[in-house]
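The values are calculated or read from the model by the stated rules, or taken from the named source; none is laboratory data. The shown structure was predicted, so the numbers you read here are calculated from the model rather than taken from an experiment. Reconstructed Cβ throughout: ideal geometry from the backbone, glycine too, with neighbour counts over all protein chains shown. For accessibility, only protein heavy atoms count, side chains too; no ligands or nucleic acids. Shrake-Rupley method; radii C 1.70, N 1.55, O 1.52, S 1.80 Å.
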Amino acid sequence: MWTGKIKFEAVRAGKLAKNAVPTNRLRDNAVSTSKLANESVTTGKIAKNALTAAKVNEGSLHFTCNFPVGNPAFQLPGGGLCAFVSGGLATWETSIN
């Protein structure tokens, strides 16, 4: 190995060309969540069927509502039920219906 010839922390991400280190060259658990920038792993970067229920920490899931822009919307305090009305004034009754 070359590790004895390279100064500790001499090679950093900014010094590597894009795609210079393919995944098959990474040691298991070499890239942990603490080493990833926020929002660096997006849906398009996850291989099909790579994310399974067994691999998800349920405590890391946070429920959010994605309401259409410009529509009156409601969400229960603390998260939960999401509702919006397409046009007109929104009330709980019209939202639920």
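Miscellaneous remarks
- Residue satisfying all of: in the stretch 11-24; outside any loop (DSSP other than H, G, I, E, B) and farther than 18 Å from Ala50 by Cβ; most open to solvent (accessible area, probe 1.4 Å) among these: Lys15
- Boolean, Ala47 is open to solvent by less than 70 Å² (accessible area, probe 1.4 Å) and modelled with pLDDT of 80 or more: yes
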